[in-house]
Amino acid sequence: MVDGLIGIKMGMTQVFDENGVVVPVTVIKAGPCVVVQAKTKDSDGYEALQLGLVEFIRPSRVNKPRGGHFKKAEVPPCRVLKEFRSAGAEEAPKVGTQILVGQVFRANDKVDIWGTSKGKGFAGVIKRHHFGGGFGSHGSMFHRAPGSIGASAYPGRIFPGKLAAGHMGSERVTVQNLRVVRVEEQDNLLLVKGAVPGRNGGYVVIRKA
């Protein structure tokens, strides 16, 4: 089979384990996913499966190149497509096959999850890089400013990578080695211990660690 699925972050809650201990979990609607394309070493140089998350999308929202891609695979249009490693050409599922969460993950599996973090807009150095700031009293007039960043007449410029104010968030973030607490196959839900990047309703990719 494949080593991961595409999902939607639903939110956080808590469940009780077999010892009665409260476990904070993130609920992810993992799949169902459909195989849109099978890549092989002969045609593409590597073996992988392109999966699409099955969800309703209006045909008018699909452009012609992507529409032809789905028509060739004889699958409904998908908004999100991702590639996953496959076990091999002989064992890999065929194009058009649906893959469910229970076929990929089991309880107590370790997974890596990546998603797009929440956007924070333009942020200053204290919020973005945790600068300490200046004194708040005695007329310092230096509270949340970044301070001096120059390097004198030579070299007369600022080196790349200098910590400064700028756009914060809305980046790809990966959280590794999260434990699968529960798999609810009837609802395609995956309960993972801990927090997952992104907003509720955002797309995430779950892979086996």
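The values are calculated or read from the model by the stated rules, or taken from the named source; none is laboratory data. Computed from a predicted model, the values in this text were never measured in an experiment. Virtual Cβ from ideal backbone geometry, glycine too; neighbours counted across all protein chains shown. With ligands, DNA and RNA removed, areas are computed over all heavy atoms of the protein, side chains included. Shrake-Rupley method; radii C 1.70, N 1.55, O 1.52, S 1.80 Å.
Extension gain, A164 to Q14, is 50.2 nm, computed as 0.36 nm per intervening residue step minus the present C-alpha separation. Solvent exposure of the chain amounts to 62 Å² per residue of accessible area, where only protein heavy atoms count and the probe is 1.4 Å. For Cα pairs less than 8 Å apart in space and 6+ apart in sequence, what is the mean separation divided by the residue count of the stretch 115-209, i.e. the relative contact order in percent? Across the stretch 115-209, relative contact order equals 38 percent.
Surface composition of the stretch 43-166: carbon and sulfur atoms hold 54% of the protein heavy-atom accessible area at a 1.4 Å probe.
Only helical DSSP H runs with n ≥ 4 go in: add -39500 (n - 2.57) per run for the chain, normalise by residue count and round the 222 nm mean residue ellipticity to 500 deg cm²/dmol.
-2000 deg cm²/dmol
Which entries in the list K39/K64; K9/K118; K110/K193; K9/K29 go over 18 Å, if you measure between the two C-alpha atoms of each? Checking Cα-Cα distances, K39/K64 exceed 18 Å. Across R79, R144, R106, the residue with the most accessible area heads the list, and the full order at a 1.4 Å probe is R144, R106, R79.
For the stretch 44-126, the percent of C-alpha pairs falling in each 5 Å distance bin, counted from 0 to the bin holding the largest distance, reads 3, 10, 16, 18, 17, 14, 9, 6, 4, 2, 1.
So how strong a dipole does the chain carry about its Cα centre when Lys and Arg Cβ are +1 and Asp and Glu Cβ are -1, to the nearest 20 debye? Before the final figure, lay out each step's value.
Working: 30 positive and 17 negative charges, 212 e Å.
Dipole of the chain, to the nearest 20 debye: 1020 debye.
Calculated from the structure at hand, Rg and Dmax of the Cα atoms in Å is found among (1) 17.8, 62; (2) 19.7, 69; (3) 22.9, 75 as (3). Mean separation of Cα pairs under 8 Å and 6 or more residues apart, divided by the residue count, gives the chain a relative contact order of 31 percent. Name the residues of the stretch 1-31 whose amide N is less than 18 Å from a point 7 angstrom out from the Cα of E171 along the C-beta direction? So the set is empty, nothing qualifies. Surface calculation, 1.4 Å probe, protein heavy atoms: C78 sits at approximately 0 Å² accessible.
Residue ranking by accessible heavy-atom surface, 1.4 Å probe, largest first, among D3, D17 comes out as D17, D3. Dipole magnitude for the stretch 79-191: computed about the Cα centre from +1 point charges on Lys and Arg Cβ and -1 point charges on Asp and Glu Cβ, it is near 640 debye. Axis of helix 64-73 versus longest Cα principal axis of the chain: the two differ by about 40°, to the nearest ten degrees.
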